[in-house]
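This report refers to the structure that appears directly beneath it.
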Amino acid sequence: MGLILFYILGGLTLVAALGVVTTRNIVYGALFLLVAMSGVAGLFVLLFAEFLALVQLLIYGGAIIIVILFALMLTRTTDFSVATEHRRWPMAAVISLALFGLLAGAAIGDSGDYNTYQRSGISIEELGKGLFENWAVPFEIASIVLLVALIGAIVIGRSGEEEGGEGDQG
Amino acid sequence: MNADFTLLIPEFILAGAGFLVLLVDLLLPREQEHRRNAFTSATAVLGLAVTGVVAATTQMNTGESFHDGLLFIDRYSLLFKVLFVGIGIAVVVMSVDYVAEKMSHPGEYYALIIFAVLGATLMAESGELLTAFISIELLSFSLYVLVGLSRGDARTAEASTKYILLGAISTAIMLYGISQLFGVMGTTRFTEMGGLLAAAGDWDMTLISGFVMVLAGLGFKLSMAPFHMWAPDVYEGAPTPITALIATLSKAAAIALLLRFLAEVGSGAVHEWRMPLAVLAAATMVIGSLSALPQTNIKRLLAYSSIAQIGFVLVGIVPNTVIGANAVLLHVIGYAFTNLAAFTVVIIIELKLGKETIADFAGLSKRAPVLAMIMTGALFSLAGLPIFAGFLTKFYLFTSAVDKSLEWLVVVAVATSVISLYYYIRIVREMYITETEDESKLPVPALLGLLAWVLFAGTIAVGIYPAPFVDATNAAVTVLTPWVAL
């Protein structure tokens, strides 16, 4: 049962991911990305990582996709016409496939050496303890990173406005 | 588990100083641009200085691992902490006139410099990959914003877009590599990883690809070939004090992390990475030096020169010895003084003449003899000529490589040093020999002039009286235990 679900979810994720890079319409790309993200969330469920699955759906499936769609709505699409006309896509495809082959080969070939745990659910309580006790330091640093990103977004956004407001007719 | 948060007092002060700068900026009226600039920069310098003094007085004999090796508060991180705080102060001081003339938002500007210093400090302290990763992000995010802050021409927009996109990709690659290493080893702490690697036999593909990706991510921050492409454009487009910050702070922080990582994790498996890293070092030196030859913009030239300098630093890392590490630390210190001195002169020229091509330096020996002398000293130090820092530190670096019979690498290093002398001399010739019609004196702003003098003195001090610096680096490298044990 788990295996069948895995193939369904994995296939869905792969097809959607291919859709992201092959589609010419950037809005379709964003929607394909949503499907791929949800597929990954499903894979997390199969691994008994319910919390991760939830976060994957909320953050990536929800917030990030919505931000992407908003960004597309608020910028004029003509600005991006160049982005879809890349003539060097064969090279990118070859390199991506080679890298995929290498990593997939490594993962399959060395799968015996991976640390294997008995998969079982981890309670949210344990996660919280881990995050706020053992990993408190990186967690605190992350909060400053977010602050810096916030400052950056405001300052750079505002400086465009002060110079005559060409860019914000939205 | 040691979770004594008093160990992190300097970091708390630093973060607090960042917030204080933002607050000072908020409290002053918006119209008084000049006063805001003066007050926020003074607050920033004060915050950085207090951090440095507190760290240097309280942590001289500390050798603690915080949270089972998430962070190491020891002599090694203390050396870098003091160095980074010093770089931060120098960059804030060289920014004051620049910000007044060319930028808005002084409060955010100085606060971000402080957050960048905080990120760099945490990088030098981290003993664990995820902490290291998020610290790199703190440094990088601050730099992304700072690069894009100046009132934009097209070059700035290009620089900041390029930096953010490539930086994000390199971040993703590094994170993927970390996940692979964790998958194989089940830990991200350097010391535990080192033990597992030393016990492991042949490396499998996952391990190799994980390491390659982590090193690629770090290589991007270092602008090591073949991950150097972003450097010239970003250097050219960024506000000049921020170019100086990238060239010194972000490079030194990445070196601090790389050195600790390779010492703790890679020491037992040196045969796996020595050759690839040596080849990359050679490639970095050759590409940096040869690409610098045709440059006409001084900031682009210094970008390629900094790529070549990273190659020299790698020459000291490849031997996998404590002598090499010592030479690397000394070189980083000397390089910080030298590069900051050079950039201070570039900023003065840019503010007075509005341009920064090499031709603008023509006749500088007549127009501002002191500036010409300081610039010449800095360039000679970068080239590695005696009495300046660069000669001594390069000598140590090359000797450490000879000890491990890497003579071919030293030959490449010396050859590229000679090539680099050519393009540094080109600027000196411009300053001293080329005649110009405009021979009016250039007024040197007091603050920037003083800063240039101090940094110039530092460059010479490392070159002729290195004893105190060597004492500090000697004490610092003792914490790289796997290398000390060799």
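Divide the volume of the convex hull of the Cα atoms of the stretch B:143-188 by its number of residues and quote the answer in cubic angstrom per residue.
46
So for the pair B:Ala49, B:Ala172, with labels modelled 7 Å out along Cα→Cβ, what separation do we get in nm?
With each label point 7 Å from Cα toward Cβ, the separation is 4.5 nm.
Using 0.36 nm per residue of separation minus the Cα-Cα distance, give me the extension gain between B:Lys352 and B:His34 in nm, one decimal.
Value of the extension gain: 112.6 nm.
Among B:Ala359, B:Met375, B:Ala159, which residue has its Cα furthest toward the positive end of the charge dipole of the protein assembly as shown, with +1 on Lys/Arg Cβ and -1 on Asp/Glu Cβ?
My answer, from the dipole projection, is B:Ala359.
Can you report the principal axis dimensions of the stretch A:1-41 using only the alpha carbons, biggest first, rounded to whole angstrom?
Taking max minus min along each principal axis of the Cα atoms, the stretch A:1-41 gives 36, 15, 8 Å.
Between A:Met1 and B:Lys162, how many nm apart are label points set 7 Å from Cα along the C-beta direction?
5.6
By its C-alpha gyration tensor, with a ≥ b ≥ c as the square roots of the eigenvalues, how is the stretch B:1-129 shaped: rounded for a/c under 1.5, else prolate for a/b larger than b/c, else oblate?
prolate
Please state the charge dipole magnitude for chain B, taken about the Cα centre, from unit charges on C-beta atoms (+1 on K and R, -1 on D and E), reported in debye and rounded to the nearest 20.
740
Could you give the angle, 0 to 90 degrees to the nearest 10, between helix B:9-27's Cα long axis and the longest principal axis of the Cα atoms of chain B?
40
Starting from the amide H of B:Glu128, placed 1.01 Å from N in the peptide plane, find each other amide H under 5 Å away whose residue is 5 or more places distant or on another chain.
Hits under the 5 Å cutoff: B:Phe190.
Suppose a student asked you for the relative contact order of the stretch A:1-77, using Cα pairs under 8 Å spaced at least 6 residues apart; what percent would you report?
With pairs under 8 Å counted, the relative contact order is 28 percent.
Over the stretch B:5-477, what portion of Cα pair distances is larger than 31 Å, expressed as a whole percent?
When all Cα pairs of the stretch B:5-477 are counted, 39 percent exceed 31 Å.
At q = 0.17, 0.19, 0.25 Å⁻¹, what log₁₀ I(q)/I(0) does the stretch A:1-77 have when each alpha carbon counts as one equal point scatterer in the Debye sum?
Summing over Cα pairs of the stretch A:1-77 leads to -0.66, -0.78, -1.09.
Roughly how tilted is helix B:129-147, in degrees to the nearest 10 and between 0 and 90, from the longest Cα axis of chain B?
The angle comes out at about 10 degrees.
What is the helix-to-structure angle for B:446-464, meaning the angle in degrees between its Cα long axis and the longest Cα principal axis of chain B, kept from 0 to 90 and rounded to the nearest 10?
Helix B:446-464 and the main axis of chain B meet at about 40 degrees.
Determine the calculated [θ] at 222 nm for the protein assembly as shown from helices alone, applying -39500 (n - 2.57) to every DSSP H run no shorter than 4 residues and normalising by the residue count; nearest 500 deg cm²/dmol.
-24500 deg cm²/dmol
If I histogram all Cα-Cα distances within the stretch B:348-396 using bins 10 Å wide from 0, what percent of pairs lands in each bin?
The calculated distribution, bin by bin, is 26, 42, 25, 7.
Could you let me know the centre-to-centre spacing of the stretch B:298-335 and the stretch B:71-98, using Cα atoms, in angstrom?
18
Under a crude label model (7 Å from the Cα following the beta-carbon direction), how far is B:Asp4 from B:Ala461 in nanometres?
With each label point 7 Å from Cα toward Cβ, the separation is 3.1 nm.
Classify the stretch B:380-486 from the C-alpha gyration tensor, please: rounded if a/c falls under 1.5, else prolate or oblate depending on whether a/b exceeds b/c.
Because a/c hits 1.5 or more and a/b fails to exceed b/c, the stretch B:380-486 counts as oblate.
Just want the answer: with Cβ charges of +1 for Lys and Arg and -1 for Asp and Glu, which residue in A:Gly42, A:Val15, B:Ile307 is farthest toward the dipole's positive end in the protein assembly as shown?
The listed residue farthest towards the positive side: B:Ile307.
Taking only Cα atoms of the stretch B:90-238, what ratio of Rg to Rh do you get with Rh as the Kirkwood inverse-distance radius?
Rg/Rh for the stretch B:90-238 comes to 1.06.
Using a 1.4 angstrom probe on heavy atoms only, work out the carbon and sulfur share of the accessible area of chain B in %.
Of the solvent-accessible surface of chain B, carbon and sulfur hold 70 percent.
In a Debye calculation with equal point scatterers on the alpha-carbon sites of the stretch B:196-343 and no solvent, what is log10 I(q)/I(0) at q = 0.11, 0.12 Å⁻¹?
After summing over all Cα pairs, the log10 values are -0.42, -0.49.
What are the radius of gyration and Dmax of the protein assembly as shown, computed over its Cα atoms and given in Å?
Over the protein assembly as shown's Cα set, Rg and Dmax evaluate to 25.2, 85 Å.
DSSP loop (so not H, G, I, E, B), at most 12 other Cβ within 10 Å: list which GluC sites (Glu not before Pro) in the stretch B:345-453 pass both filters.
Loop-located and lightly packed - B:Glu435, B:Glu437, B:Glu439.
Can you compute log10 of I(q)/I(0) for the stretch B:277-328 with the Debye formula, treating each Cα as one identical point scatterer, at q = 0.20 Å⁻¹?
Listed by q, the Debye log ratios stand at -0.64.
The values are calculated or read from the model by the stated rules, or taken from the named source; none is laboratory data. Keep in mind the model is a prediction, meaning the values are calculated, not measured. Reconstructed Cβ throughout: ideal geometry from the backbone, glycine too, with neighbour counts over all protein chains shown. Accessible surface areas use protein heavy atoms only, side chains included; no ligands, DNA or RNA. Shrake-Rupley method; radii C 1.70, N 1.55, O 1.52, S 1.80 Å.
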